[in-house]
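Worksheet: one structure, shown below.
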Amino acid sequence: MREFIILGYSASSSSSIATLPNPHGSNHSTKPYKDKPLSLPKLSPSKSSPPISTVHSRSPPLFAVRWDPTKTHLSYFADLASKLARDGKFQDFAMVVESVVLSGVRGSEFTAALKLELVAKGISRLLKEGNVRSVVEVLGKVNELGVPPLKLFNGYAMELLGRQCSQLLKCKQVQELVELMEVLAGFHFPIKELLEPSEVIKLCVDKCCPKLAIRYACIFPHAHILFCNIIYEFGKRKALEPALAAYEASKENLNGSNMYVYRTIIDVCGLCKDYMKSRYIYEDLLKQKVTPNIYVFNSLMNVNAHDLNYTFHVYKSMQNLGVRADMACYNILLKACCLAGRVDLAQDIYREVQHLESTGVLKLDVFTYSTIVKVFSDAKLWHMALNVKEDMLSAGVTPNTVTWSSLISACANAGIVEKAIQLFEEMLLAGSEPNSQCFNILLHACVEANQYDRAFRLFQSLKSTKVQEAFGKKYKGLSFKPTTTTYNTLMKACGTDYYHAKALLDEMRAVGLYPNQISWSILADICGGSGNVEGALQILKNMRAAGMKPDVVAYTTAIKVCVENENLELALSLFAEMKKYQIHPNLVTYNTLLRARSRYGSVSEVQQCLAIYQDMRKAGYKSNDYYLEQLIEEWCEGVIQDSNAKQEEFSSCNKTDIGRPGSPLLEKVAEHLQTHIAETLAVDLQGLTKVEARIVVLAVLRMIKENYTLGHSVKDDMLIVVGVHEVDGGSTTQNVEVKDAITKLLQDELGLKVLATGAKVGLDTTIEPGNTTDSDKDLEEMSGRDELPAELIYSTRRPVPLERLKVTRGSLQHWLRRRSAPRR
């Protein structure tokens with residue numbers, strides 16, 4: 001016999017004090033018991049809710065009976081529990097279940113005896129009130145006692161539970177939702193029927209909660225599909241780090257290497273422009289001695305298609321691993337050739353796939369033909385592009401809109417407007433509906449061929465549904481919706497007619513389009529072309545007022561307008577404004593500024609130009625330095641005003657030295673024209689040719705001369721480092737040539753006194769002169785020494801002998817006085 005402790009029950013809603021009748025007719029007195037309201041803590045995986053059984057330990061029993069299972073009917077207590085649940089008294093319901101199960105009745109046996117429709121009704125009542133946590137807590141308790149929670153739900157209760165889950169989704173309570181789903185999954189509820197998994201994944205991604213998304217994915221048996229969804233959704237938002245976190249979690253939770261997951265993360269690396277990461281993932285796969293399938297290889301090659309060498313490296317690795325290429329693989333190779341402009345390789349691949357098609361291995365698709373057509377189009381090989389079209393038609397493949405656009409573009413790029421329009425007519429006759437890109441290509445072809453009137457006539461006719469005016473035939477149902485690119489192309493056709501271009505900009509707005517940076521830049525260029533610099537600058541302000549920030553193209557256009565109108569100071573102020581707004585200049589910006597001058601007049605102008613040049617080099621751009629070096633040379637040679645014949649004789653020889661690859665000339669000139677150089681007057685000619693050394697020395701002398709005219713006298717001797725002695729103490733051939741050329745320049749052409757000095761000085765440092773001897777007599781005494789005073793020694797770890805020339809301060813001052821004296 002077991003003692004069965006149970007709460008009393010009364011159907012009366014006005015009082016919670018009740019007496020439970022004995023099923024055998026015996027009456028027992030009971031103590032009053034006040035029903036306490038149900039209070040549930042917040043559901044959290046880190047802090048579980050206290051079990052309902054704790055209520056039993058805190059509450060005094062209403063009575064105690066000795067229950068003999070052979071005499072007491074189980075159905076009575078099942079009926080009692082069902083009615084408690086129906087009335088929402090789930091604490092009491094759980095206590096009845098616990099008491100019955102602890103007395104030895106199996107949970108499944110008691111569940112079969114319950115009136116499940118009453119229990120489901122009580123659960124539905126709680127769910128209608130939004131009390132999901134109470135329901136979950138009861139389900140957790142009965143589940144521990146062996147009663148399957150899912151058995152307590154009917155269709156209506158399940159529908160209400162789904163509504164509560166949808167409400168959490170709508171309110172974006174992602175953490176509560178995922179925690180609820182985890183609990184319900186533990187009860188074997190059909191989670192997928194409650195909410196669409198993709199919607200939960202999107203919410204986790206929108207909230208940037210990769211951990212919650214991973215926890216949710218792990219609920220399902222098909223977790224690899226959800227992991228791919230998580231990775232891809234983060235990738236669409238350019239969030240690579242959370243996508244990688246999901247990828248790493250998939251490796252920990254999935255059995256084996258899932259190729260679908262690898263393919264997805266590689267594609268996401270492409271979306272996020274992190275090509276190197278995709279390569280690391282591929283290498284990691286190979287380290288695991290897992291052979292990727294063709295889809296992984298195709299994704300990897302597609303992501304890295306901009307790198308032709310790496311793409312073909314992956315292709316060869318794929319062949320070595322025995323993975324057979326499909327048509328998509330060859331299409332990606334053609335795409336890589338197109339991006340790299342390698343027509344020869346594209347032709348080889350095209351011939352190879354044609355051979356495979358002839359043997360029945362592959363079947364060329366429209367993408368293959370369209371890609372090879374684009375390769376020839378970009379290379380302006382319109383004849384070959386048209387030949388591919390014939391191959392395409394012979395193979396029974398119908399060109400699509402992309403194919404026709406590429407064919408029209410091929411003729412447009414070659415300047416053959418008539419052929420481009422003829423292809424457009426063929427496209428219409430073939431039943432292929434053109435898109436805006438096709439129309440824009442035609443307009444661009446007309447503009448590039450300077451057929452401006454034809455471009456406007458074509459535009460006006462295409463705006464209507466009747467295009468017979470343009471082509472002389474009827475094409476019903478054809479409509480054309482202009483794009484921003486359409487109006488930008490037409491604005492270019494306006495030439496210098498600012499008001500016509502402005503009218504097109506206004507029309508663009510009227511049809512619901514928004515001008516972009518290119519639109520404003522074209523308008524500014526047209527305004528500046530008519531000489532209205534202020535108007536061009538006002539367009540930049542209007543651009544900001546319209547809520548659009550000027551980009552590098554807009555600023556470069558405005559700078560170009562200022563340069564063309566010989567307002568270099570304004571151009572430089574715009575350049576400074578660009579840097580202020582952290583807009584990085586491009587190569588066109590730098591070249592526009594560097595070519596703004598045809599000659600230099602002062603040191604400040606040269607310093608200004610060289611500062612732009614150095615900024616350009618730091619930005620990673622390479623330029624043709626020949627033009628700039630010529631201007632610098634011309635400015636430097638201006639020091640020699642009385643030796644035109646000698647200057648002309650020198651300038652006519654060895655010009656090939658200027659602009660040689662890797663020439664440090666401009667960097668050297670920039671270095672020696674810094675402000676502090678005016679005080680030290682130390683010139684380093686190491687690594688320069690004799691022509692470059694001449695320009696650097698003349699640049700320093702020009703700076704000294706201009707500073708002298710401003711009232712800055714020479715305070716030190718001028719020290720010129722020619723080069724380093726060889727180990728045996730001799731001079732290299734280049735050092736001798738440079739030394740002789742500079743000596744001849746200073747002595748013969750400028751009349752300066754030059755002395756050669758030998759000294760052991762340090763390498764890779766700068767000279768630190770002190771108060772050097774300033775008289776010619778003292779200098780002559782020093783010239784016989786083996787070493788210089790300590791003030792002129794380089795402070796280095798390893799002294800080496802340098803070949804040097806010295807021009808005394810007295811000689812420089814005499815030369816400056818002679819140059820500044822009025823001519824008679």
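The values are calculated or read from the model by the stated rules, or taken from the named source; none is laboratory data. Just so we're clear, the structure is a prediction, and the values are computed from it rather than from any experiment. All Cβ positions, even for glycine, are placed from backbone atoms using ideal geometry, and neighbour counts span all protein chains on display. Protein only, heavy atoms only, side chains kept; ligands, DNA and RNA dropped before computing areas. Shrake-Rupley method; radii C 1.70, N 1.55, O 1.52, S 1.80 Å.
Between beta-carbons, use under 14 Å as the cut-off and find the net charge around Leu381, counting Lys and Arg +1, Asp and Glu -1. Taking every other residue near Leu381 into account, the sum is +3.
Checking the Cα-Cα distances for Lys172/Lys192; Lys277/Lys335; Lys715/Lys806; Lys277/Lys363 against a 26 Å cut-off, the pairs over it are Lys277/Lys363. Computed extension gain for Lys172 through Met548, at 0.36 nm per residue and net of the alpha carbon distance, reaches 132.1 nm. Applying 1/(1 + (r/R0)^6) with R0 = 45 Å to the Cβ-Cβ distance of Cys208 and Ser713 gives a FRET efficiency near 0.10. Here Val290 and Gln614 are evaluated by their C-beta separation; at R0 = 60 Å the FRET efficiency comes out at 0.75. Within the shell defined by Cβ-Cβ distances under 13 Å, the residues around Asn440 carry a net charge of +1, with Lys and Arg each +1 and Asp and Glu each -1. With a threshold of 18 Å on the Cα-Cα distance, the over-threshold entries among Lys622/Lys690; Lys89/Lys121; Lys502/Lys541; Lys211/Lys273; Lys89/Lys128 are Lys622/Lys690; Lys211/Lys273. Subtracting the Cα-Cα distance of Arg818 and Leu386 from 0.36 nm times their residue separation leaves 148.1 nm of extension gain. On the stretch 324-421, 55 percent of the accessible area sits on carbon and sulfur atoms, based on a 1.4 Å probe. A Förster distance of 60 Å, applied to the separation of the beta-carbon atoms of Leu393 and Lys580, puts the FRET efficiency at 0.55. Label positions at Asn565 and Arg342, each projected 7 Å from the Cα along the C-beta direction, are separated by 4.8 nm. Note on the stretch 482-620: with neighbouring protein chains present and a 1.4 Å probe, carbon and sulfur make up 50 percent of its accessible heavy-atom surface.
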